[in-house]
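Bear in mind that the values in this text are calculations on the coordinates, not laboratory data. As the structure is a computational prediction, the values presented were derived from the model and not from experiment. Glycine gets a Cβ as well: all are built from the backbone with ideal geometry, and neighbour counts include every protein chain shown.
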Amino acid sequence: MLDFLLSVETKLMYFLNVNISNPVFDWSMPIFDSDRAWLIPLIVAWLAVMIFGKRRSRLIGLGALILILLTDQISSGMIKPLIERIRPCNVLPGLHMWKDNAWIVIPNPITDIYKNSWSFVSSHATNTAAQAFWWGWAYPRTRLVCFGLAGTIGFSRIYIGVHWTSDVLGGWMVAGLCFGVLWWVSVRYVPILRADADTGEKKSVKVRKIAVLLYCYIVGLFHCLIVSLLGRLRTPFYSPLQ
C-alpha cells in the first residue's frame, strides 16, 4: 500500500509536470514562482483596508498580518526542517524545471542539486491558501479571485518542478488549520469580526459541519505527512544541504 502511494505520487508528478506541459503554461507558470505574484496583491489589499477601511477592515488587515507570520514560520521554520523531504527536481530525471529564468530538463543520471532547500510543505501554497481563506471569509465577494490565485500558485509549484503534489496539498491543509484557529479566536473574542447577518443556522449544525471539516483536514494532512516521510526514507539521494 505504501509503495502504491509513492508510485501514484511519482506518476502524478510526471503527469502534471511533463505530460501536460504546453507553451501557455510554460509562459504563465514562472510568473507565479516569484513571491511578487502573491505578495504585491496582498500588500495592496492590506494597505487599502488599513488606510481606507473602518475598524472591522483594519482588524481584518491585522489578522492577515498575523496569519502570514504564523503560516510562514510553521511551514518554513518548523515543518520543512522536521520532515526534510527532498525536492522532486533533485530525484526525478526528465522533469520539466524552471531554473535561472529558463526551462531545463532534469538529466539522467542526476548529478547536481537543482534547488537547495527542503520540499514539504510548500510555503507558497501554505501562505497563499491561508490568505485566500482569510480574505475570502472576510469579504465573500473576493473568494473567486482569492481561491483562483491560491490554486494557480499551488499548481505552478508542481509545474515548475520544485514541489510534489503532496507538498502543495499538505500546505493547503496547514493553511486551513491555521486559518481555522485564527478564525475561531476572532469570532469568539472579537465581536465585530463576527458575521453581520445571522443565517439562522442552528449551532449544532454548525458544530457538526466544523467537526466534519476538521476531520477531513486531519486525515488529509496525515496522508500527506506519511507520503512525504516515505519519500524521504526511500529516496536514494544525498541531502540537498550538503
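Could you sort 136-144, 68-76 so that the peptide with the highest average Cβ count within 10 Å comes first and the rest follow in order?
Sorting 136-144, 68-76 by mean packing, highest first, produces 68-76, 136-144.
Sticking with the crude label model, points 7 Å out along Cα→Cβ, report the distance from Leu65 to Ser34 in nm, one decimal please.
2.5
Treat each spin label as a single point 7 Å out from the Cα along the C-beta direction, and report the Phe52 to Leu5 distance in nm.
4.7
Summing +1 for each Lys or Arg and -1 for each Asp or Glu, what net charge is found among the other residues whose Cβ lies under 15 Å from the Cβ of Ile74?
Result for the neighbourhood of Ile74: -1.
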